[in-house]
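Everything below concerns the one structure shown next.
The values are calculated or read from the model by the stated rules, or taken from the named source; none is laboratory data. All of these numbers come straight from a predicted model, not from anything done at the bench. No Cβ is skipped: glycine too gets one built from the backbone with ideal geometry, and neighbour counts run over all protein chains shown.
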Amino acid sequence: MAQQFNYVEFKALDDLVRFVAGSPKPFLHHIVINGKNIYFVQVVGFGGGRAVYYVEREEKFDGRYIIFNRFRDEVSFSDKLVSDGQSVCVNVLELKRTNIFSEYPPK
């Protein structure tokens with residue numbers, strides 16, 4: 001029996017980063033599907049329910065990390081890890097393929 005995923009699409013990458021920044025080990029997955037850059041994270045709930053939070057962008061951002069400054073509420077990009085106490089460094093993991101999106105865009 002196939003398990004159904006719930007999908008949540010954010011309007012902006014900044015909102016997805018704010019959502020992920022609260023995680024103990026913040027990271028995002030990145031994959032290109034149908035020419036679109038998809039950044040996402042899968043969340044598994046206590047009851048076994050799963051949701052995919054994502055954002056679609058035309059262009060890929062420059063850098064390996066997304067930096068969220070909690071005090072200034074700013075999002076920036078970097079190739080280097082930042083550890084300044086004010087910021088959360090979100091690692092972007094590049095995927096070769098995934099079956100999370102069995103169809104794209106999801107319906």
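Worth a mention:
- Contact annotation: no residue pair with Cβ atoms under 6 Å, 6 or more positions apart or on different chains, pairs a residue in segment 71-95 that is over 21 Å from Lys36 (Cα atoms) and touching a residue at least 40 places away in the same chain (Cβ under 8 Å) with a partner that is in a strand (DSSP E or B) and small (Gly, Ala, Ser).
- Sole residue being among the β-branched types (Val, Ile, Thr) and modelled with pLDDT under 90, chosen from Val92, Val8, Val55, Val75: Val8
- Selection from segment 84-96 of residues that are under 15 Å from the mean Cα position of the chain (by Cα) and either outside any strand (DSSP E or B) or of a type outside the set (S, T, N, Q) (or both): Val88, Cys89, Val90, Val92, Leu93, Glu94, Leu95
- The number of residues in segment 1-26 being touching a residue at least 40 places away in the same chain (Cβ under 8 Å) and either of a type in the set (D, E, K, R) or outside any loop (DSSP other than H, G, I, E, B) (or both) comes to 11.
- Residue match in segment 27-34 (condition: assigned to a strand (DSSP E or B), of a type in the set (Val, Ile, Thr) and at pLDDT below 90): no
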